[in-house]
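What follows is calculated from the coordinates using simple rules that are stated; it is not laboratory data. Computed from a prediction, not measured in an experiment: that's the story for all the values here. All Cβ positions, glycine included, derive from the backbone under ideal geometry; neighbour counts span all protein chains shown.
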Amino acid sequence: MERLEKEESPSRLCRKAEVIARTGLSDTSIWRREKEGRFPPRIRLGARCTVWRACDLEQWLADPAGYQREVADV
């Protein structure tokens with residue numbers, strides 16, 4: 001698992017291949033954990049472009065077992 005370098009912006013967006021490389025999870029495992037609220041939510045930029053916020057990935061990488069997605073109060 002790879003950490004963000006200090007010079008990288010935490011608001012940077014990561015594509016799926018980078019997320020898979022950093023987490024060591026398969027696409028299916030990411031999708032399953034995301035649906036359970038145990039992985040950061042993806043952001044759809046278009047029909048064929050999905051990204052994750054680097055800061056959300058860092059939070060997950062810090063504590064994968066204890067990560068729980070924050071639910072916004074509506």
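General observations
- Flag for Trp60 being closer than 13 Å to Arg15 by Cα, among the aromatic types (Phe, Trp, Tyr) and surrounded by 13 or more Cβ atoms within 10 Å (Cβ to Cβ): no
- Among residues of the range 20-42 that are touching a residue at least 12 places away in the same chain (Cβ under 8 Å) and of a type outside the set (D, E, K, R), those with a Cβ under 6 angstrom from a residue that is crowded, with 16+ Cβ neighbours inside 10 Å and not in a loop (DSSP other than H, G, I, E, B), sequence gap 6+ or separate chain, pair up as Phe39/Ile30; Phe39/Arg33; Pro40/Trp52; Pro40/Asp56; Pro40/Trp60.
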